[in-house]
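S.K.: One structure is given below, represented as structure tokens, and several questions about it will come after.
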Amino acid sequence: MIIKKGAMFGLDARIALAIFGALSVISGAALYSAIQEARKMQIIRTFDEFEKAVTSYLLDVGEDPEIHNSVVHERVTLELIESSKIGWQGPYLPFSKEGSADHYIVDSATKLKFWLYTEQNTDWGNSIGSAGTSCTAGNPCVYYLKTHLNANTSQSNELAAQLDEYYDGSDGFDKGRFRIIWFDASKTNPVAFLEMMPILSQP
């Protein structure tokens, strides 16, 4: 009888360990999912704040930020946090400057750098490069925020897919409000572009 109880106890212990093991796997997966969701929502909130900042700048100053060093896509993004323009009431974001760069600003909370770009409102994503299609007469020219998602997480491709699902219902990286351009052929550095508002001075 004692041997039987001991055997039963051993079996119960193994069952309990198996249950605890299964629960730990489930808990681990749930935790990972919660972390991914929190990261996604933090970035979405930051994107929203960037868009509000650009809107406020345009309303206050009444003109587009300057083109950066004759690079047709890039604007002087630094004007969102530093400017001597008439009507300027910033800083519009709690971001910072990095060195002497004036074409991007840095968000310490997400570790992302943000560029302000102007591109055609056409399908141009899911290619290799660092910019979309240049604005031309007859095609609406739109502001886009640009950022390299791999600066925030090693699961940047997964994050890109989650953001595309949030903004566009997973319509692909080539079109919609949210787009991805791959910085190099390895496709490990997704460059995110989020469409905002039309530029004031259309070509």
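The values are calculated or read from the model by the stated rules, or taken from the named source; none is laboratory data. What you see is a predicted model, and the numbers here were worked out from it, not measured in a lab. For neighbour counting, all protein chains shown are included, and Cβ atoms are generated from backbone atoms with ideal geometry for every residue, glycine included.
S.K.: Looking only at the stretch 28-51, count every residue that is without any contact (Cβ under 8 Å) to a residue 40 or more places away in the chain and within 21 Å of residue 121 (Cα to Cα) and tell me the total.
M.R.: Residues meeting the conditions: 1.
S.K.: Hey, can you tell me all the residues within the stretch 57-74 that are buried (at least 16 other Cβ atoms within 10 Å of the Cβ) and of a type in the set (Gly, Ala, Ser)?
M.R.: None; the set is empty.
S.K.: Here's another thing I want to ask about it. Please go through (1) modelled with pLDDT under 95; (2) crowded, with 16+ Cβ neighbours inside 10 Å; (3) of a type in the set (Gly, Ala, Ser) for residue 134 and return the number of the only condition it doesn't satisfy.
M.R.: Here residue 134 meets the rest and fails (2).
S.K.: Can you tell me which residue among 76, 106, 71 is more than 20 Å from the chain's Cα centre (by Cα) and β-branched (Val, Ile, Thr)?
M.R.: Criteria check complete, one pass: 71.
S.K.: Let me ask something else about it. What are the residues in the stretch 58-81 that are in contact (Cβ under 8 Å) with a residue 24 or more places away in the chain and of a type outside the set (A, V, I, L, M, F, W, C), if any?
M.R.: 60, 62, 63, 64, 65, 68, 69, 73, 74, 75, 77, listed by residue number.
S.K.: Related question: So how many residues does the stretch 68-100 have that are within 26 Å of residue 135 (Cα to Cα), modelled with pLDDT of 95 or more and aliphatic (A, V, I, L, M)?
M.R.: Residues flagged as within 26 Å of residue 135 (Cα to Cα), modelled with pLDDT of 95 or more and aliphatic (A, V, I, L, M) within the stretch 68-100 amount to 4.
S.K.: Looking at the stretch 167-188 only, could you name the residues that are touching a strand residue (DSSP E or B) at 6+ places or on another chain (Cβ under 7 Å) and farther than 21 Å from residue 153 by Cα?
M.R.: The answer is 168, 177.
S.K.: Restricting to the stretch 75-99, give me the number of residues that are surrounded by fewer than 20 Cβ atoms within 10 Å (Cβ to Cβ), among the polar types (S, T, N, Q) and closer than 17 Å to residue 146 by Cα.
M.R.: Count: 1.
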